[in-house]
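The values are calculated or read from the model by the stated rules, or taken from the named source; none is laboratory data. This structure is a prediction, so every number in the text was calculated from the model and none was measured. For neighbour counting, all protein chains shown are included, and Cβ atoms are generated from backbone atoms with ideal geometry for every residue, glycine included.
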Amino acid sequence: MDEKIKKLALECGFTHVGALDPATITLREEVRAACAENKCGAFNRNWACPPACGSLEACAVKIHSFTAGALLQSTCVLTDPFDYETMQESGRKHRESLQVFAQKIKVLYPEALVLGAGPCTVCKQCPYPSSPCRFPAKMISSMEAQGIVVSDVCTTNNLPYYYGQNTLTYTGCLCHTLRETVHQSNLRETDLRKASLLG
Ligand code: SF4
């Protein structure tokens, strides 16, 4: 993988970084169905989550328009399986690392797509659906929201997902470099058509 990206990711605080081929990503209806059960409370309540983040087809078109990427992980060690304090703190650090990384990588790749874990938490309370996203440039959707089985993608791209007993790993990813045939304006239009927002 691109060593510049790996170095930047490690500087941003991720513990493990691996190459990601966006073509290996499969988006699954069953992940969307799990979102719809709304166990996290963010379904239909956050601009970065389903259904607002777009149809599965639209998400697939966007992800598969990229030719390269990286998996970004934050692993923490728990004192025991109920160490919720460390889990929450590690989740907070992972989101913070993603925000810093996303702002920096977009200087190199303005079209880059950065995905995290869980709903977007930039605002204390997301105003969806009554008013538009307040900070679209900061909004980070999750891999799960796109319909991705994170463990499968890690396995396919030869990066561990599990680092041993009493560890917890949050995983995000970067997709960068658009296919030569894809232009941003066309991409947006295709996404919208797939999402049935255009005729
Ligand atoms: S940036 Fe704020 S308004 Fe936009 S998706 Fe995130 S929480 Fe919602």
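Checked against (1) within 13 Å of the chain's Cα centre (by Cα); (2) at pLDDT 95 or above; (3) within 16 Å of the ligand (Cβ to nearest atom); (4) of a type outside the set (S, T, N, Q), residue 132 passes all but condition (1).
Checking each residue in the range 71-105 for being touching a residue at least 24 places away in the same chain (Cβ under 8 Å), part of a helix (DSSP H, G or I) and charged (D, E, K, R) picks out 93, 95, 96, 104. Scanning the range 45-70 for residues that are touching a residue at least 24 places away in the same chain (Cβ under 8 Å), not hydroxyl-bearing (Ser, Thr, Tyr) and not in a helix (DSSP H, G or I) yields a total of 14. Pairs are defined by a Cβ separation below 7 Å, a sequence spacing of at least 6 or placement on different chains, a first member in the range 122-139 that is under 20 Å from residue 92 (Cβ atoms), and a second member that is more than 8 Å from the ligand (Cβ to nearest atom) and of a type outside the set (Val, Ile, Thr); the pairs so defined are 126/45; 138/99.
Would the range 133-151 turn up any residue that is loosely packed, with under 14 Cβ neighbours inside 10 Å and closer than 23 Å to residue 30 by Cβ? Quick ask: steps written out before the conclusion?
To start, the set of residues in the range 133-151 that are loosely packed, with under 14 Cβ neighbours inside 10 Å comprises 134-138, 151.
Then drop every residue that is not closer than 23 Å to residue 30 by Cβ, which leaves 151.
Yes - at least one qualifying residue is present in the range 133-151.
Restricting attention to the range 135-160, the residues that are among the basic types (Lys, Arg) and either touching a His at 6+ places or on another chain (Cβ under 6 Å) or away from the ligand (no atom under 11 Å from the Cβ) (or both) total 0.
Residues in the range 32-44 that are away from the ligand (no atom under 16 Å from the Cβ) and outside any loop (DSSP other than H, G, I, E, B): 32, 33, 34, 36.
When we screen 109, 163 for residues that are under 17 Å from residue 68 (Cβ atoms), over 14 Å from the mean Cα position of the chain (by Cα) and surrounded by 15 or more Cβ atoms within 10 Å (Cβ to Cβ), the only hit is 109. Scoring residue 119 on the criteria (1) buried (at least 18 other Cβ atoms within 10 Å of the Cβ); (2) within 23 Å of residue 1 (Cβ to Cβ); (3) of a type outside the set (A, V, I, L, M); (4) within 15 Å of the ligand (Cβ to nearest atom) leaves a single failure, condition (2).
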